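**Student:** Quick one: the structure is below, questions incoming.
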């Protein structure tokens, strides 16, 4: 048996930006939390020497978004200071932009070609990102833009996922519960299983939130011409997608976001389940498309991710891609970034 590393060595791995996610995961265990994004990453007692006192200390630590963000920002500064010539992007987003450690998300993949200053967080909602706490330089995304104002070539914003197909971060309850009606006996009636009033309310809220962010950025001459990149999501697969569904997430229940509320409404038909998700994702894109308009005029660029992950094996859980799946999504971003002249 290999010799265990000390707890101090474990912490050193976490705080060394040169350490890979794979190296951290090799000496860690993942424990599910109440929701899909409050999972705990802890030292593996088979590989890290722990004492009762250290275990008590470890129980007080939360390793996830905060550590991942810190590691990203240190890496960004190191690369920028080393003189790397890649374009600088600022990003604010949810779990497609920041999925701590377990998955190479969209930003991880784009980091090969861009220097990205990241303030994203898994599980974040539009409410928190757009209207959350403000500091001397405004909201977090605006403060990030001011920090990088001399370098920034584009702003990436992702804020709709948890409001449409995610979960309430305070309760851990899937938001889909509120948008579904009970099965009405007609598997071809997609719209008849969606509470259109609730959906319209959510879309209107997101529309206002996105426009607020854009107006907030554009009011400053320093950012008047900075390209803004927004995106919707892909057509997710509610669990289970047949008897051989390969998804076995460590961080969440298999039916955390989609399958559970669909089951609760007695919606069992596989095609109907998927078509409901397609309907909701398309509704989000309809709204985002109006906001972006003609990007050559507005400098707001919509990245269409629909169909980027066409197979259930592209997904690690119900709403997030695998490393390979998110690589396909990142390819869509690269195409749009290139069209906008950011490459």
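**Student:** Going by how many other beta carbons lie within 10 Å of each one, how would you line up 317, 189, fewest first? Show your work: numbers first, answer last.
**Tutor:** Values: 317 25, 189 14.
Listing 317, 189 from fewest to most nearby Cβ atoms yields 189, 317.
**Student:** Let me ask something else about it. Consider just the alpha-carbon atoms of region 206-293 and return their Rg together with their Dmax, both in angstrom.
**Tutor:** 18.0, 55
**Student:** Now for a separate question. Which of the peptides 329-335, 192-198 is most tightly packed, and how do the rest follow, judged by the mean count of other Cβ atoms within 10 Å per residue? Mind dumping the intermediate values first?
**Tutor:** Numbers: 329-335: 18.7, 192-198: 14.3.
Listed from highest to lowest mean packing, they are 329-335, 192-198.
**Student:** Still on this structure: Picking from 92, 22, 167, which is most flexible by a Gaussian network model of the chain using Cα springs under 10 Å?
**Tutor:** 22
**Student:** Please tell me the relative contact order of the chain in percent, rounded to the nearest whole number, where contacts are Cα pairs under 8 Å and at least six residues apart. Don't jump to the answer; show the numbers that get you there.
**Tutor:** On the way: 564 pairs, mean separation 59.0, N = 343.
The value is 17 percent.
**Student:** Next up: When the Kirkwood hydrodynamic radius is evaluated over all pairs of different C-alpha atoms of the chain, what value in angstrom, to one decimal, is obtained? Mind dumping the intermediate values first?
**Tutor:** Details: mean 1/r = 0.0474 Å⁻¹.
Roughly 21.1 Å, rounded to one decimal.
**Student:** Among the DSSP beta bridges whose two residues both lie in region 65-339, what percent are antiparallel, rounded to the nearest 5?
**Tutor:** Values: 4 of 21 bridges.
Of those bridges, close to 20 percent are antiparallel.
Throughout, read-outs are computed from the coordinates displayed, never taken from laboratory work. Note that the structure is predicted; figures quoted are calculated from it, not measured. Don't worry about glycine lacking a Cβ; one is built from the backbone with ideal geometry, like all the others, and counts go over all protein chains shown.
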